[in-house]
Amino acid sequence: MLKTPIVFIIFNRPDLTQIVFNEIRKAQPRQLFIIADGPRTSKEQAKCQAARDVIKQIDWDCEVFYNYSDVNLGCRERVSSGLNWIFKQVEEAIILEDDCVPNSSFFEFCEQLLVRYKMDNRIMLISGYNAQQSWQADKQDYFFSNLGGIWGWASWARAWKNFDLKMTHLDKVVKDRKLRHLLGEKLGRIRENQFLDCRSRQVDTWDYQWAYSRHINSGLAIVPSKNLIENIGFRKDATHTKHSTRRKVYSENLEFPLETNNILIPDTEYDELFFKNSESFIHKLALKLRKATNI
């Protein structure tokens, strides 16, 4: 039975919710927190309810907490407000969305490292996603990154307290070239544009704000040397990934116990490849959103 609380973020895709729930059931967490947004239209109401009905299948000893919205808040407000609610109640948590399928290594990976780095304020995120599928796995079990994905992740209340949904100091950060100093000229410029687009509401999301919050606090992410998450949400009813051009990345299992990585320096080569793989996706997504909203 998993000691660490799991957060499960669901919406209107009961079939995907069922797949991820099946993996959560195998882990049997002692505490399960459910965050759900309300339907955007009356036509979505049945699907939203069907997704929530999946949670009724809990058949193990588990304390369940619900944070359901009757109205549609959108990705930005729903996820951020839900995680604020979570981290006011628990010190650490593992977070999964309805399209992020963890393999059998994911939960133990997160749980071990949540304990190992609990008091290390340099670490703000533990990611289960490795964009390269495998990265120097013959040399390490995990490494450090300035980026880190949120397709299956974990964190602490002490890190989330820095979350700034409004990106309050973004103008000064851009003016002073802080992101370029941190990430290098090219990656820093990309980040600036992403954050500025996000602030202008061209993308309804919360994860750029989370990345911004980590960057301005010099926070690092832990990334597994092998990918532990498969995203199954690339289809027409997705909120953000329906037009994704990202290649399919499969998951692989890690061996335990994990060997401690004592070199707390971000792997800039991995970060550059991460951006290279995602930049075209982000650009195409922004173009589609601008076209759809006549921006």
Could you tell me whether segment 124-184 comes out rounded, prolate or oblate from its Cα gyration tensor? Rule is a ≥ b ≥ c as square roots of the eigenvalues, rounded for a/c under 1.5, then prolate if a/b exceeds b/c, otherwise oblate. oblate
Cβ-based charge dipole, segment 6-293, positive-most Cα from 11, 126, 200: 200
Pop out the ³J(HN,Hα) list for segment 174-183 in order, Karplus 6.51 cos²θ - 1.76 cosθ + 1.60 with θ = phi - 60°, rounded to Hz; leave Gly and Pro as x. 5, 4, 7, 6, 4, 5, 6, 5, 6, 10
Using amide H atoms built in the peptide plane, which far-off residues or other-chain residues are under 5 Å from residue 177 H to H? none
Above-threshold pairs, the threshold being 32 Å between Cα atoms, out of 161/276; 118/178; 175/226; 26/226: 175/226
Tell me which trypsin sites (Lys or Arg not before Pro) from segment 148-239 have a DSSP coil assignment and no more than 10 other beta carbons within 10 Å of their own. 166, 236
Within the chain, longest stretch free of exposed GluC sites (Glu not before Pro) [DSSP loop, at most 12 other beta carbons within 10 Å]: 92-254
According to the Kirkwood expression over distinct Cα-Cα pairs, how big is the hydrodynamic radius of the chain, in Å? 19.5
Return the distance in nm (one decimal) between the two label points of a simple spin-label model at residue 46 and residue 161, each offset 7 Å from Cα along Cα→Cβ. 4.7
Please check: in the Gaussian network model of the chain (C-alpha springs, under 10 Å), which one of 212, 129, 250 has the largest mean-square fluctuation. 250
Out of residues 5 or more away from residue 225 or on other chains, whose amide H comes under 5 Å of its own, with H placed 1.01 Å from N in the peptide plane? 142, 143
Mind checking which aspartates and glutamates have their Cα closer than 19 Å to the Cα of residue 47? Skip sequence neighbours fewer than 8 apart in that chain. 15, 37, 70, 97, 98, 99, 237
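Give a quick list of trypsin sites (Lys or Arg not before Pro) in segment 61-120 that DSSP marks as loop, anything other than H, G, I, E or B, with at most 15 other Cβ atoms within 10 Å. Spell out each step's value before the answer.
Details: sites: 76, 78, 88, 116, 118; in loops: 88, 118.
Those satisfying the criteria are 88, 118.
Which of the three applies to segment 1-138, rounded, prolate or oblate, going by the alpha-carbon gyration tensor with a ≥ b ≥ c and a/c under 1.5 meaning rounded?
Details: a/c = 1.63, a/b = 1.57, b/c = 1.04.
Prolate, because a/c is 1.5 or more and a/b exceeds b/c.
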Once phi is turned into θ = phi - 60°, what whole-Hz ³J(HN,Hα) does the Karplus curve with 6.51, -1.76 and 1.60 give for every residue of segment 71-85, x standing for Gly and Pro? 10, 7, 8, x, 4, 4, 6, 5, 5, 5, 5, x, 6, 4, 4
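Read-outs: derived from the displayed coordinates by stated rules, not from any lab. Predicted, not measured: the structure shown is a model, and the values here were computed from it. Here the Cβ is made from the backbone with ideal geometry for all residues, glycine too, and neighbour counts use every protein chain on show.
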